[in-house]
Amino acid sequence: MHIVANINDLRAYYITEAYGVRRTVKAVDGLSIAIRQNEIYGIAGESGCGKSTLLKVLLGMLTPPLTIVGGSVTYNFEGEPVDMASLSQAELRAMRWKELSYVPQGSMHVLNPVRRIRDTFRDFIGAHVRAPRREIDERVRAYLVELGLPDKVLGSFPHQLSGGMRQRVTIALATILSPRLIVADEPTTALDVVVQRGVIQLLQEIRERAGNTMVVVTHDMGVHANLTDRVAVLYAGQLMEEADTPTIFAQPRHPYTQHLIRSLPKIDDRSERVSIPGRPPALDNPPGGCRFHPRCPYAMEVCKTEVPLIEQVGPNHRVACWLINEERMGRIAARLANAEPRPLATDTQLTPQRPSPGGARSAGGPEGAIR
Amino acid sequence: MDLLKTYILPRLLQWLVVIVIGVTITFTIPRLLPGDPVEQTLRRVTANTAIDPRAMESFQNAIRDMYGLQGSPVEQYFRFWGRLFQGDLGPSLGAFPTPVTTIIANGLPWTIGLLGTSILISWTLGILLGTLAAYYPNKLWSQTLDKILIVIYPVPYFILSLLLVMAFAYYLPIFPLVGGATGRPGFTLAYIGSILRHAFLPALSLVLLGTSFRFLIAKALAGRVIASSYVSYAELAAVPTPRIIGRYVLRNSLLPQVTDLALSLGALFNGALITEVVFSYPGIGFQLYTAILQADFNLIMGVTIFSIIGIATAVLIADLIYPLLDPRVRYQ
């Protein structure tokens, strides 16, 4: 399967220094994901879990204090893979909108209030395509009609459009040059539910029409359920779980994911929605071990000190949780015990491999650490 | 049509009301002051002479008539308006019997030429520099400019202008010290050159101060626009920088500046009192100053009425231009 963007062990920190005090906010800390061609990849998590930072890095918006401390982002649109770190600002600018585009939050006012929509389209397209104004206008009109938007919006000012229409116009503005990868940040936030549905359908339609790839960031699990093909759940800058969307909703393995999904209302279910107690940690001083452990109802001793391994639990399904690690190690231990039925030796052989609270962590057997 | 009814007409009405109230106040205040101008004039004229009481009375009536002060205050008020509509502001009391309108007409071209030009220059310069400095806050030139103008701005105007006069008219006599021009008026190169030479220092003082003021305002306004999401989105989309500065930043921060320009141009009819006094420039401000010293009520009233009408009209024009600049106002 073709990988459009590969994020490998990415560490993106906000490093600030004021009055001699250096402060490091580890917004994304050791994240590896691969975005496949023509999929809609969802990124979920509460506010302050690194979603927006990941977006900025994906778009190459690396303005201080945001710094990439480690890892890499590699694009592979057509032909050879390109490492983002090797691109100059000018090259990144040239790539944007043609290959890499951005749909901002629905609540943001990203359209210039004193310019007509037509002029904004001319500005944005004219920056990347050399064409006579008439040609650009014609192209915009055709695209809007294709997406089912009324072309009379072109003569309007942003404030004359409804919030939903503004967001759809913005999506058209971001996608008209058929970029290979579209990054959307909370595209449906601040819109009412009916309009949200329209926006979701519009995004799906664009993907089907142009065959491009989308990364959609939202905290709204309902949007993920309706829009995305795969979902990554982030917490405190790290990957907690990743799976195909149906899998993650049917069999969430990580306690955090389970909580996120359980907070969604369901028809016919009148039980009270439980929210996760507490809030995401401050990322300048995250908790040790598993970063979710202070809020996790199943937290064990090991969770407080050791970072869980990311483990493959099914096709396309990865989880980073000690519950899964331990279960897996238990199975391995059992298998080893069955293979060599020497009751006395079993204990001495396996003890060092079983992670003990506070002790040094071993690789956990041959299959223990995948990726 | 709707625009006319909901936007233009109310503003025209407002303009009218402001002028009527302003003129009424201008009419009332001198009449509430202690002392009767007629008595004062009589006393001045007849200080050391004895006059027949009947001759005195007819003299009194003649002056009262000339000053427009006969009849009850209400009658006077309506006669005042009637004269105003005919463009008659009465005679100057200081330079009797020259009409106030003639005196103002003599001063106005000088003031308009000097103030109008320097306001336009400092407005354009201040906004352009301020916007650019806001967009490039880390460049050396913008920081230098910022520091220089921030030092100039709080200097009291009369000190700045006196310094200029002392430096460039007295110690280094490059520019003339007094007046608007020398030589015979006419469209000759020499006369126009003389006008420019005389206007240079006062204009420089006004431009320096006006530019630094507008620079600081423009920088603050543009800074707010630059932080808005439509500017960062356009930047992200790699829209060319000149276009972002012109059509996004400048265009959106221009609105309050237009009001400022209109008010400055409206205040033109006040004259630049301090400028014209310091540089002995023959404009309206200088005349107003002389009128105040001579207790020339008619001339003071004349200049005041001019400036009331000027500012009210300027605000009206600014209001009428607003919808052209900001579509959000147009469709409210």
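The values are calculated or read from the model by the stated rules, or taken from the named source; none is laboratory data. For clarity, every value in this text was computed on a predicted model and none was experimentally measured. Note that we place each Cβ from the backbone using ideal geometry, even for glycine, and neighbour counts take in every protein chain shown.
Before moving on, here are some points about what is shown:
- The residues on offer are B:272, B:262, B:234, and the sole one that is within 14 Å of chain A (Cβ to nearest Cβ) and among the small types (Gly, Ala, Ser) is B:234.
- With respect to the stated conditions, residue A:13 fails to be in contact (Cβ under 8 Å) with a residue 24 or more places away in the chain and under 26 Å from residue A:315 (Cα atoms).
- Selection count, the stretch A:111-127, where residues are facing chain B (nearest Cβ under 7 Å), in contact with a Lys or Arg (Cβ under 8 Å, 6 or more places away or on another chain) and not aliphatic (A, V, I, L, M): 4
- Checked against (1) of a type outside the set (A, V, I, L, M); (2) outside any helix (DSSP H, G or I); (3) in contact with a helix residue (DSSP H, G or I) (Cβ under 6 Å, 6 or more places away or on another chain), residue B:212 passes all but a single condition, namely (2).
- Listed conditions (1) away from chain A (no Cβ under 14 Å); (2) among the aliphatic types (A, V, I, L, M); (3) in a helix (DSSP H, G or I) are all met by residue B:174, apart from (3).
- Which numbered condition residue B:248 fails, given (1) away from chain A (no Cβ under 14 Å); (2) part of a helix (DSSP H, G or I); (3) touching a helix residue (DSSP H, G or I) at 6+ places or on another chain (Cβ under 6 Å); (4) of a type in the set (Ser, Thr, Tyr): (1)
- Against the numbered list (1) over 30 Å from residue B:256 (Cβ atoms); (2) within 14 Å of another protein chain (Cβ to nearest Cβ); (3) not charged (D, E, K, R), residue B:298 comes up short only at (2).
- Annotation: residue A:138 fulfils all but one of (1) within 14 Å of chain B (Cβ to nearest Cβ); (2) surrounded by fewer than 14 Cβ atoms within 10 Å (Cβ to Cβ); (3) modelled with pLDDT of 90 or more; the unmet one is (1).
- Which numbered condition residue A:131 fails, given (1) within 14 Å of chain B (Cβ to nearest Cβ); (2) part of a loop (DSSP other than H, G, I, E, B): (1)
- Condition check for residue A:71: modelled with pLDDT of 85 or more, small (Gly, Ala, Ser) and not assigned by TED's automatic domain parsing to the domain that holds residue A:207: yes
- Candidate set from the stretch B:265-298 (those that are surrounded by fewer than 21 Cβ atoms within 10 Å (Cβ to Cβ) and polar (S, T, N, Q)); member that is nearest to residue B:122 (Cα to Cα): B:270
- Residues of the stretch A:178-209 that are in a helix (DSSP H, G or I), hydrophobic (A, V, I, L, M, F, W, C) and either out of contact with any helix residue (DSSP H, G or I) (no Cβ under 7 Å at 6 or more places or on another chain) or not assigned by TED's automatic domain parsing to the domain that holds residue A:53 (or both): A:193, A:194.
- With respect to (1) surrounded by fewer than 20 Cβ atoms within 10 Å (Cβ to Cβ); (2) closer than 22 Å to residue B:3 by Cα; (3) of a type outside the set (D, E, K, R); (4) away from every other protein chain (no Cβ under 14 Å), the lone exception for residue B:321 is condition (4).
- For the stretch A:83-105, the criterion of a residue being part of a strand (DSSP E or B), touching a residue at least 24 places away in the same chain (Cβ under 8 Å) and over 30 Å from residue A:156 (Cβ atoms) is satisfied by no position.
- Per-region count, the stretch B:121-164, residues part of a loop (DSSP other than H, G, I, E, B) and either within 27 Å of residue B:262 (Cα to Cα) or not assigned by TED's automatic domain parsing to the domain that holds residue B:213 (or both): 4
- Residues in the stretch A:67-110 that are among the hydrophobic types (A, V, I, L, M, F, W, C), surrounded by 18 or more Cβ atoms within 10 Å (Cβ to Cβ) and either within 14 Å of chain B (Cβ to nearest Cβ) or under 28 Å from residue A:220 (Cα atoms) (or both): A:73, A:95, A:97, A:100, A:103, A:108, A:110.
- Qualifying strands (runs of 3 or more DSSP E) (wholly inside the stretch A:225-329; at least 3 residues being out of contact with any Cys (no Cβ under 6 Å at 6 or more places or on another chain) and surrounded by fewer than 22 Cβ atoms within 10 Å (Cβ to Cβ)): A:310-314
- Against the list (1) outside any helix (DSSP H, G or I); (2) among the hydroxyl-bearing types (Ser, Thr, Tyr); (3) closer than 26 Å to residue B:290 by Cα, the condition residue B:101 fails is (1).
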